[in-house]
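Taking it in order: structure first as C-alpha cells, then the write-up.
The values are calculated or read from the model by the stated rules, or taken from the named source; none is laboratory data. Note that this is a predicted model, so its numbers are computed, not measured. Note: ideal-geometry Cβ built from the backbone for every residue, glycine included; neighbour counts use all protein chains shown.
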Amino acid sequence: MPIKLPKDTEKHLVASIKRFANDELDTDMGDLKAGFLLDFFLREAGPSIYNQAIAEAQAFLLDKAEDLPAARHEKEFGYYMR
C-alpha cells in the first residue's frame, strides 16, 4: 500500500529535503529532484516505518488490554451498604 501524504505535508518535506541537501551535502536541489527523493524514501523506507509503527501500537494496546481486569475493581451494589 503506497503512502500518500497530504499536499501540505509533501510541500514541507520537499522544502526540508532541499534545505538538508544544501546544508549537509553542499548540493543545490530543485523541487523536482527533492520530490523524487521523497517518493523514493516513501516507497523504500515507508513500509518498514509503517510496519514498525503498527507493531508498536499493537504492543501498546495489548499491554493496556491486559490491564483491563485490574481496572474494573469498582464494588458493585454498594448503595445501601454504606
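Among the residues of segment 61-74, is there at least one that is surrounded by 10 or more Cβ atoms within 10 Å (Cβ to Cβ), in contact (Cβ under 8 Å) with a residue 24 or more places away in the chain and assigned to a helix (DSSP H, G or I)?
no
Here's a check for you: in segment 1-57, which residue that is among the aliphatic types (A, V, I, L, M) and not in a helix (DSSP H, G or I) is surrounded by the most Cβ atoms within 10 Å (Cβ to Cβ)? First the steps, then the outcome.
First pass over segment 1-57, keeping only residues among the aliphatic types (A, V, I, L, M): 1, 3, 5, 13-15, 17, 21, 25, 29, 32, 34, 37-38, 42, 45, 49, 53-55, 57.
Filter again for not in a helix (DSSP H, G or I), leaving 1, 3, 5, 29, 45.
Details: M1: 6, I3: 13, L5: 13, M29: 18, A45: 11.
Only one residue fits best here, namely M29.
So that you can scan it fast, the table gives a plain yes or no per residue for (1) touching an Asp or Glu at 6+ places or on another chain (Cβ under 7 Å); (2) under 15 Å from I3 (Cα atoms); (3) of a type in the set (G, A, S); (4) modelled with pLDDT under 95:
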site	(1), (2), (3), (4)
K18	no, no, no, no
L25	no, no, no, no
G35	no, yes, yes, no
Q58	no, no, no, no
Y79	no, no, no, yes
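Considering segment 1-16 alone, what residues qualify as being at pLDDT 95 or above and either touching a His at 6+ places or on another chain (Cβ under 9 Å) or of a type in the set (V, I, T) (or both)?
Answer for segment 1-16, where residues must be at pLDDT 95 or above and either touching a His at 6+ places or on another chain (Cβ under 9 Å) or of a type in the set (V, I, T) (or both): T9, V14.
Give segment 2-40 a look and list any residue that's of a type in the set (A, V, I, L, M) and in contact (Cβ under 8 Å) with a residue 40 or more places away in the chain, or say none. I'd like the intermediate steps shown before the answer.
As a first pass, look at segment 2-40 and keep what is of a type in the set (A, V, I, L, M): 3, 5, 13-15, 17, 21, 25, 29, 32, 34, 37-38.
I3, the sole residue that qualifies.
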